[in-house]
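**Student:** The structure's right below; bear with me while I get my questions together.
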Amino acid sequence: MLTGLFNRPAASAADFTHLRQARVELRNVIKHYDNHTVLNGVSLSVEPGEVVTILGPSGSGKSTLIRLINQLESLSGGDIFIDDKPIGQLRGSALRQLRSRIGFVFQQFNLYTHLTAQQNITLALEYVHGWKKADAEQRALELLEQVGLAEKADAYAAQLSGGQQQRVAIARALASSPQIILFDEPTSALDPEMIGEVLQVMKSLAHSGITMIVVTHEMHFAREIADRVVFIDGGDILEVAPPAAFFTRPQHPRTQRFLKKVLDPLHQESSL
């Protein structure tokens, strides 16, 4: 059992070295840029170890939602809680501690092109988390083995396929042993033939104890792996359901139209 080291006072004093449960809760979260509102007061709870996929059309607020969880974006209103502690006003060391417990996998891999696969993983371990070089290198090799790329430890990004780069990015996100991992459309920049190798790694992580929140367009992954599916459109959460119910008995009319469109691409209608 993970032990919580949080204190009851202000969030800035909270210790995020370890998470007690890795539970995520959004309460009336609002995000806007000038006069453009991206999230309209959304609320969602994700339980420890749960796998939640977030679906929705482009521009619906999916990516913004998960970027708010590790404070890559700042809140305009509402709050986000990790293990019942608010994180919206975290700064300095408390924010760094929080981010060390939350892995993030981006659409575009974001590997350092001048570093090898192994070095992309060891960099933060050494210079952010204070690991010894030998320990960081061993951890990187173990993670590359886990994602099926042990033989690519000395390869640079330009020498890796898109799928391989994304697997390195996943290994990097796991380096500090986070208890929450966020995926922002991790297969959207990949050639179709490479998507499966990334999804397979993600499948192996699912239900391993880590809390996973995945923004994706991969319907099969959402159907087969997720515990719950969340549908967002226009900055609002319109439906939350287990996959079986979501894909076979969607309740909201907008969800029904969305699924008909994406599951039957030849289906045409005048407006979604």
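A short reminder: the numbers here are calculations on the coordinates, not readings from a lab. Model, not experiment: these values are computed from the prediction. Heads up, the Cβs are rebuilt from the backbone with ideal geometry, glycines too, and the neighbour counts pull from every protein chain shown.
**Student:** Just order 124-130, 53-59, 217-223 by mean Cβ neighbour count inside 10 Å, highest at the front, would you?
**Tutor:** Details: 124-130: 13.7, 53-59: 20.1, 217-223: 17.9.
Top of the packing list down: 53-59, 217-223, 124-130.
**Student:** Which distance in Å, rounded to a whole number, links the C-alpha centroids of segment 148-191 and segment 81-136?
**Tutor:** Segment 148-191 and segment 81-136 have Cα centres spaced 14 Å from each other.
**Student:** Y127 to S76: FRET efficiency via 1/(1 + (r/R0)^6), r the Cβ-Cβ distance, R0 30 Å, to the nearest 0.05?
**Tutor:** Step by step, r from the Cβ atoms, then E = 0.40.
**Student:** Sorted by mean Cβ packing within 10 Å, highest first, what order do the peptides 138-145, 249-256 take? It would help to have the intermediate numbers written out before the result.
**Tutor:** Working: 138-145: 18.4, 249-256: 14.2.
Order by mean packing, descending: 138-145, 249-256.
**Student:** Counting DSSP beta bridges in the chain, what percent are antiparallel, to the nearest 5? Can you show the working numbers first?
**Tutor:** Working: 21 of 38 bridges.
Once the DSSP bridges in the chain are tallied, antiparallel ones form about 55 percent.
**Student:** Another question about this same structure. Which of rounded, prolate, oblate describes the chain, given a ≥ b ≥ c as roots of the alpha-carbon gyration tensor eigenvalues and a/c under 1.5 marking rounded, otherwise prolate only if a/b is larger than b/c?
**Tutor:** Oblate, since a/c reaches 1.5 and b/c is not below a/b.
**Student:** Give me the net charge for the shell around G78: Cβ to Cβ below 10 angstrom, other residues only, Lys and Arg +1, Asp and Glu -1.
**Tutor:** Numbers: positive: R27, K31; negative: D79.
Combined, the nearby Lys, Arg, Asp and Glu give +1.
**Student:** Report, by chain and number, residues whose modeled amide H sits under 5 Å from the one on S45, excluding near sequence neighbours (fewer than 5 apart, same chain).
**Tutor:** L26
**Student:** With θ taken as phi - 60° and the coefficients 6.51, -1.76 and 1.60, list the Karplus ³J(HN,Hα) couplings across segment 104-121 in order, rounded to whole Hz; mark glycine and proline as x.
**Tutor:** 9, 10, 8, 4, 9, 6, 6, 7, 6, 5, 8, 10, 6, 4, 5, 5, 4, 8
**Student:** Right, something else. Could you list, bin by bin from short to long, the percent of Cα-Cα pairs of segment 94-180 in 5 Å steps?
**Tutor:** 3, 17, 28, 27, 17, 7, 1, 0
**Student:** What's the magnitude of the charge dipole for segment 126-264 around its Cα centre, counting Lys and Arg as +1 and Asp and Glu as -1 at the beta-carbon? Answer in Debye, nearest 20.
**Tutor:** Charge dipole, segment 126-264, about its Cα centre: 420 debye, nearest 20.
**Student:** Compute the signed sum of charges (Lys and Arg +1, Asp and Glu -1) over the other residues within less than 15 Å, Cβ to Cβ, of L174.
**Tutor:** Within the 15 Å Cβ shell, the charges total +4.
**Student:** Then there is this: May I ask which of K85/K152; K31/K152; K31/K261 have a Cα-Cα span longer than 31 Å here?
**Tutor:** Cα-Cα > 31 Å for K85/K152; K31/K152; rest within.
**Student:** How large is ³J(HN,Hα), in whole Hz, for each residue of segment 25-37 in order, when computed from phi with the Karplus curve 6.51 cos²θ - 1.76 cosθ + 1.60 and θ = phi - 60°, using x for Gly and Pro?
**Tutor:** The phi angles translate into 9, 9, 10, 6, 6, 10, 9, 9, 10, 6, 9, 9, 8 Hz.
**Student:** Can you list the residues, at least 5 places off or on another chain, whose amide H is less than 5 Å from the amide H of E50, using H built in the peptide plane?
**Tutor:** Those lying under 5 Å, H to H, from E50 are M212.
**Student:** Calculate how many DSSP beta bridges within segment 86-214 are antiparallel, expressed in % of all such bridges and rounded to the nearest 5.
**Tutor:** 10 percent
**Student:** Answer with one residue from T37, L205, F81: the one whose Cα lies farthest towards the positive end of the charge dipole of the chain, charges on Cβ with Lys, Arg +1 and Asp, Glu -1.
**Tutor:** Farthest along the dipole direction, towards plus: F81.
**Student:** Further question: If you plug each phi of segment 143-151 into the Karplus form 6.51 cos²θ - 1.76 cosθ + 1.60 with θ = phi - 60°, what whole-Hz ³J(HN,Hα) values come out, in order, with x for Gly and Pro?
**Tutor:** 5, 5, 5, 4, 9, x, 10, 4, 6
**Student:** Sticking with this structure for a sec: Rounded to whole Å and sorted largest first, list the principal axis extents of the Cα atoms in segment 191-272.
**Tutor:** Projected onto its principal axes, the Cα set of segment 191-272 covers 40, 28, 23 Å.
**Student:** So if I place +1 on the C-beta of Lys and Arg and -1 on the C-beta of Asp and Glu, and nothing else carries charge, what would the dipole magnitude of the chain be about its Cα centre? I want it in debye, nearest 20.
**Tutor:** Values: 26 positive and 29 negative charges, 119 e Å.
That gives a dipole near 580 debye.
**Student:** Turning to a different aspect of this structure: At 222 nm, what value in deg cm²/dmol follows for the chain if DSSP H runs of at least 4 each add -39500 (n - 2.57) and the sum is divided by all its residues, to the nearest 500?
**Tutor:** Estimated from H runs of four or more residues: -10000 deg cm²/dmol.
**Student:** Give the lysines whose C-alpha is closer than 26 Å to that of K260, dropping any in the same chain fewer than 8 places away, or say none.
**Tutor:** K62, K203
**Student:** For segment 60-141, count the residues as N, evaluate 2.2 N^0.38 Å, and divide the Cα radius of gyration by that value, please.
**Tutor:** In units of the 2.2 N^0.38 Å rule of thumb, it is 1.29.
**Student:** Does segment 108-250 classify as rounded, prolate or oblate by the C-alpha gyration tensor (a ≥ b ≥ c root eigenvalues; a/c under 1.5 gives rounded; else a/b over b/c gives prolate, otherwise oblate)?
**Tutor:** Values: a/c = 2.35, a/b = 1.88, b/c = 1.25.
Here segment 108-250 falls in the prolate category.
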